[in-house]
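Step one of this worksheet: look at the structure below.
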Amino acid sequence: GQNIDQPTEMTATEGAIVQINCTYQTSGFNGLFWYQQHAGEAPTFLSYNVLDGLEEKGRFSSFLSRSKGYSYLLLKELQMKDSASYLCATPSSGGSYIPTFGRGTSLIVHP
Amino acid sequence: NAGVMQNPRHLVRRRGQEARLRCSPMKGHSHVYWYRQLPEEGLKFMVYLQKENIIDESGMPKERFSAEFPKEGPSILRIQQVVRGDSAAYFCASSDEVADTQYFGPGTRLTVL
């Protein structure tokens with residue numbers, strides 16, 4: 001199965017850069033997802049990494065190191081609307097490939 | 001292209017009643033997943049279905065909960081004889097292939113009085 005660990009809460013200043021870390025332990029690796037979830041809303045897809053390295057998508061980038069069981073989400077030029085929970089998830093290695101979600105990191109962006 | 005649809009968005013039930021939650025996957029998606037989320041907690045997987053088949057129900061409580069995804073119509077999550085502890089947000093997601101990105105619906109917020 002999977003164990004996913006990410007910080008519970010982070011705070012940052014508008015305009016700054018923040019890095020949200022995620023470590024995982026899995027018996028078989030099938031990629032890693034990041035989702036954003038605003039309070040009271042559905043999670044929305046941000047990124048999917050299956051190979052090592054950094055993938056950039058606008059203000060958001062995601063990094064993966066399979067050998068270290070480690071990923072991070074990098075948010076640049078923070079805006080107030082980036083205040084949300086960020087969920088790290090990785091599919092199981094069993095036949096159904098169901099993603100296991102971490103508890104999420106609540107990011108608070110203040111002026 | 002409409003996204004994942006869920007209804008109702010909010011559902012209030014008294015203890016002992018039945019709750020039915022509906023989910024229509026994104027067009028072209030044949031894989032449906034149900035998750036439950038309690039306040040301040042992460043998403044917990046409940047069940048994974050394809051058309052007319054339950055593929056993985058390892059996250060479903062053994063009693064009172066059932067799910068289906070008929071050949072025609074939406075997927076249904078049914079909770080019989082609801083209790084206060086069932087109060088939560090229930091999210092449905094769909095994907096094109098089994099290991100593909102899941103796209104989530106807006107959720108149904110169930111409140112049991």
- All but one of (1) modelled with pLDDT under 95; (2) closer than 30 Å to B:THR111 by Cβ hold for A:ASN30; which doesn't? (2)
- Item | Count - residues of the stretch B:66-113 that are of a type in the set (A, V, I, L, M, F, W, C) and under 14 Å from the mean Cα position of the chain (by Cα) | 12
- Message: List the strands (runs of 3 or more DSSP E) inside the stretch B:1-104, counting only whole elements, that have at least 1 residues being on the phi < 0 side of the Ramachandran plot and of a type in the set (Phe, Trp, Tyr).
- Response: B:31-37, B:43-50, B:65-68, B:88-95
- Task: Please work out which residue is modelled with the lowest pLDDT, limiting yourself to the stretch A:90-106 and to residues that are more than 8 Å from chain B (Cβ to nearest Cβ) and in a strand (DSSP E or B).
- Result: A:THR90
- Query: Condition test on A:TYR86, is it within 11 Å of chain B (Cβ to nearest Cβ) and closer than 25 Å to B:VAL98 by Cα?
  - Reply: no
- Message: Any residue that is surrounded by 14 or more Cβ atoms within 10 Å (Cβ to Cβ), closer than 16 Å to B:VAL12 by Cβ and facing chain A (nearest Cβ under 9 Å) - is there at least one of those in the stretch B:82-97?
- Response: yes
- Message: I'd like to check something: does the stretch A:13-23 contain any residue that is buried (at least 20 other Cβ atoms within 10 Å of the Cβ) and free of Cβ contacts under 8 Å to residues at least 40 places away in the same chain?
- Response: no
- Note on the structure: Taking first residues from the stretch B:45-71 that are within 11 Å of another protein chain (Cβ to nearest Cβ) and second residues anywhere that are surrounded by 16 or more Cβ atoms within 10 Å (Cβ to Cβ) and basic (Lys, Arg), the pairs with Cβ under 9 Å that are 6 or more apart or on different chains are B:PHE45/B:ARG36; B:MET46/B:ARG36; B:GLY59/B:ARG36
- Name the pairs: first residue in the stretch B:21-41 and farther than 19 Å from B:GLU57 by Cα, second residue part of a loop (DSSP other than H, G, I, E, B) and of a type in the set (S, T, N, Q), Cβ to Cβ under 6 Å, at least 6 apart or on different chains? B:LYS27/B:ASN1
- Selected residue (only one of A:SER67, A:SER47 is within 25 Å of B:VAL4 (Cβ to Cβ), among the small types (Gly, Ala, Ser) and without any contact (Cβ under 8 Å) to a residue 40 or more places away in the chain): A:SER47
- Conditions: (1) within 11 Å of chain B (Cβ to nearest Cβ); (2) touching an Asp or Glu at 6+ places or on another chain (Cβ under 6 Å); (3) buried (at least 20 other Cβ atoms within 10 Å of the Cβ). A:VAL109 meets all but one. Number of the miss? (1)
- Residue set A:GLU77, A:GLU56; condition more than 14 Å from chain B (Cβ to nearest Cβ), out of contact with any Phe, Trp or Tyr (no Cβ under 9 Å at 6 or more places or on another chain), exposed (fewer than 14 other Cβ atoms within 10 Å of the Cβ) and at positive phi; output residue A:GLU77
- For B:PRO74, state whether it is more than 25 Å from A:ALA89 (Cα to Cα), more than 14 Å from chain A (Cβ to nearest Cβ) and buried (at least 17 other Cβ atoms within 10 Å of the Cβ). yes
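The values are calculated or read from the model by the stated rules, or taken from the named source; none is laboratory data. Because the structure is a prediction, the values reported are computed rather than measured. Cβ: placed from backbone, ideal geometry, glycine included. Neighbour counts: every protein chain shown.
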